[in-house]
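Presented below is the structure to which this report refers.
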Amino acid sequence: MSNTTDQNADRKNSPPDLGIRLRIWPAAFIVLAYLAVAYGFSRLGSTNIQSFIELVIVPLAAALLLVIWWLAASRAPWLDRLAGLVLLILANVWVVFTQERNGAMLLAYAIPTMTTGMVALLVLTYRLRWSTQRWIIIIFLVACAGVFTAMRVDTIGGNLAPIASWRWTPTEAERSTALARPATQATAVLPAQAGPDDWPSFRGPARDSRVVGTTFSTDWRKPPRELWRRKVGPGWSSFIAVGDYVFTQEQSGEEELVTCYSAATGEPFWVNRIKGRFEDTMGLGPRATPTFDQGKLYTQGGAGALQCLDASTGNTIWKRDLAADAETKVPGYGFSSSPLVVGDLVIEFSGGGDGKNVVAYNHATGDVVWCAGHRGDAYTSPHLASIDGVSQVLMIGDFGLQSFVPETGAPLWEHLWKVKTNPRCVQPLIVDSNLVMLGSTGTTGSRLLRIQKQETSWNIKEEWTSKKFRPYFNDCVMHKGDAYGFDGDRLVCVDMKVGERRWEGQRYGGQLLLFPEMDTLLVLSEAGEVVLVRAIPEQFTEMARFKAINGKTWNHPTVAHGKLFVRNADEAACFELPIK
């Protein structure tokens, strides 16, 4: 009896049997299911909420199931189960806390890499004993922690996925500081007013992304000829084009720049510099696009500086601090509203409190003329429209949609439809003289409003609300009764009578232009590709594409005088559209 007791005690005190084999098949099933679900979201999803589920919820759910398997059914010795879980947690904590900022975003890559990688290694080495497999897993986790520690998150994409680089490469701010700027200033010879082939403001002459009167060959078996390419400073400002010149905004170290380039060669002509810097997880630099009017440029810096410049020389005529004028702080996404010039006024969204959400300035002096509007965030610009024959300024934001008399700021009508997440980032879509669409991403969707003037008031009627059209920051266009735009980052055609999709295309993201005479869309994708798509309701048809620029591209494309101008936060390029 005593011998039996001694043998049992010896077995309890002996080291674990490292010659065992793990039960791996449940873990393999979990990983395969995770990969299938993630692939399904990547193929079928389109909105940033669906991307969040793909990037965060699904990997965390898979990781939790794998932890349950590891602790309850793996057959590993108990001490190794606990030690393995602690090592996995420490590896991910190390990745987060060794980052200067945005460290938690790397977990979108680190967690699925570590968990699926461990299971893959266990499957590949299933013939080996646990004593060997254990060291393989330890080395793998330490190596993963080292690799992800050597990375940093620079920004995020439109689908909320982190965009990472190696720590030893220059940051966006360092690249902007090192970028050479012209030391001399020249004088541009410009027309008094923009001509029919110019592109004088955000999204074009009518600020609606329509290129009227321009046609070109869509046979791009040989891509459009590149005329020039150059490095530019960070910023989400687009180009405007007037005469022989293009203008944009960039960041250079602690300075915000307004820059003028030759449209023919890309050579810099003049630069305006002011102290100012705005940066968030979306990127660094100014967001707004300049506006040309009567020989002057009106520019909005990300940190709040509103300027009027001589477009020929870049010299400052007047400058205002929009945050001070509206008695507010810099919005979470920076001052991103592109100036709207209406008559003698320059109108801007400020993000200020009630009564100061929109500010109008005298275009010649910079004096404040009026302030108006409900409190609310927005990543949009004022929009001039004629509704039921009445000229008015529309302002879309998280509060809904408001309309003002351009000359006085007096409210005409409003439609309150508040959102709490995912700020409204697209311009109002003017469907016809009485119909306006208000677009939102996430779970909100879009709404078509019928707006009619009565004797002393306005009647606002909801035509439809649809969650099948959820534009994020990618603006839409109207063509022959249908809307072409993005449901999240997926290109779609929408029947505006009922709010139903006619077709859905690929997940391009980015921005687009409409060439109405050609029934053609030109898409500048988030990946920097230029894509031609037929603007017809019958079916989605991609006609051509080519790689234009490298890196995340959110800036709107510009077409003027037969040339296509594109840029992002790193480089700009100009292409000659082929003659038809």
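Bear in mind these aren't lab numbers, they're just calculated from the coordinates by the rules spelled out. Computed from a predicted model, the values in this text were never measured in an experiment. Methodologically, a virtual Cβ is constructed for each residue, glycine included, from the backbone with ideal geometry; neighbour enumeration extends over all protein chains shown.
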Charges on Cβ only, +1 for Lys and Arg, -1 for Asp and Glu, centred on the Cα centroid of the range 204-576; of 496, 532, 206, which one is farthest towards the dipole's positive end? 532
With the charge dipole of the range 10-153 built from beta-carbon charges (+1 for Lys and Arg, -1 for Asp and Glu) about the Cα centre, the Cα from 37, 135, 116 projecting farthest to the positive end belongs to 135
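Quote the charge dipole size of the chain about the Cα centre in Debye, to the nearest 20; the model charges only the Cβ of Lys and Arg (+1) and of Asp and Glu (-1).
2120
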Checked against the structure, the computed percent of Cα pairs over 44 Å apart among [x] 38; [y] 21; [z] 27 is the one labelled [z]
Express in whole angstrom the spacing between the alpha-carbon centres of the range 354-431 and the range 439-482. 15
Please state the relative contact order of the chain as a whole percent: Cα pairs under 8 Å, 6+ residues apart? 11
If I fit a long axis through the Cα atoms of helix 25-44 and take the longest principal axis of the Cα atoms of the chain, what angle between them do I get, 0 to 90°, rounded to 10? 10
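State, to one decimal in nm², a quarter of the convex hull surface area for the C-alpha atoms of the range 10-153, i.e. the direction-averaged projected area. Write down the numbers at each step before the final one.
Numbers: hull surface 37.2 nm².
Convex hull of Cα atoms, orientation-averaged projection: 9.3 nm².
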Where in the range 427-466 does the label zone of residue 390 land, with the point 7 angstrom along Cα→C-beta and an amide N cut-off under 18 Å? 430-437, 449-462
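When the helices in the chain are scored as -39500 (n - 2.57) per DSSP H run of 4 or longer and the sum is shared across all residues, what 222 nm value do you end up with, to the nearest 500 deg cm²/dmol?
Details: 9 runs with 121 residues, N = 580.
Computed mean residue ellipticity for the chain: -6500 deg cm²/dmol.
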Tell me the relative contact order for the range 105-199 as a rounded percent, counting alpha carbon contacts under 8 Å between residues six or more apart. 22
Which angle from 0 to 90°, rounded to the nearest 10, does the C-alpha axis of helix 107-124 make with the longest principal axis of the chain? 40
Which of the pairs 467/547; 420/497; 480/580; 231/580; 231/563; 319/418 have their Cα atoms more than 21 Å apart in this structure? 467/547; 420/497; 480/580; 231/580; 319/418
Treating only the Cβ of Lys, Arg, Asp and Glu as charged (+1, +1, -1, -1), what charge dipole size does the range 483-529 show about its Cα centre? Round to the nearest 20 debye. 120
Would any residue of the range 63-77 have its amide N under 20 Å from a label point 7 Å out along Cα→Cβ of residue 32? List them or say none. 63-70, 73-75
Rounded to whole angstrom, the alpha-carbon centroid of the range 31-64 lies from that of the range 243-277 at a distance of 41
Nearest 10 degrees, 0 to 90: what angle lies between the long axis of helix 58-72 and the longest principal axis of the chain (Cα atoms)? 10
Which Cα, out of 577, 458, 315, lies furthest along the positive dipole direction of the chain (beta carbon charges, K/R +1, D/E -1)? 577
Taking the Cα centre of the range 351-453 as origin, sum charge times position over the Cβ atoms of Lys and Arg (+1) and Asp and Glu (-1), and report the length of that vector in debye to the nearest 20. 320
Once both labels are modelled 7 Å past Cα along the beta-carbon direction, what's the residue 465-residue 500 spacing in nm? 2.0
Expected sort for 503, 130 with the fewest Cβ neighbours (10 Å cutoff) up front is 503, 130
For a quick check: sort 67, 359 by the number of other beta carbons within 10 angstrom, fewest at the front. 67, 359
How large is ³J(HN,Hα) for each residue in the range 473-486, as worked out from phi by the Karplus curve 6.51 cos²θ - 1.76 cosθ + 1.60 (θ = phi - 60°), to whole Hz, x for Gly and Pro? 10, 9, 6, 10, 9, 9, 7, 6, x, 10, 9, 10, x, 10
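Sorted from fewest to most neighbouring beta carbons within 10 Å, what does the list 39, 472 look like? Don't skip to the answer; put the middle values down first.
Details: 39 11, 472 25.
Ordered from fewest to most neighbouring Cβ atoms within 10 Å, 39, 472 come out as 39, 472.
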In vacuum, with every alpha carbon of the range 37-115 counted as one equal point scatterer, what does the Debye formula give for log10 I(q)/I(0) at q = 0.14, 0.22 Å⁻¹? Two decimals, please. -0.56, -1.02
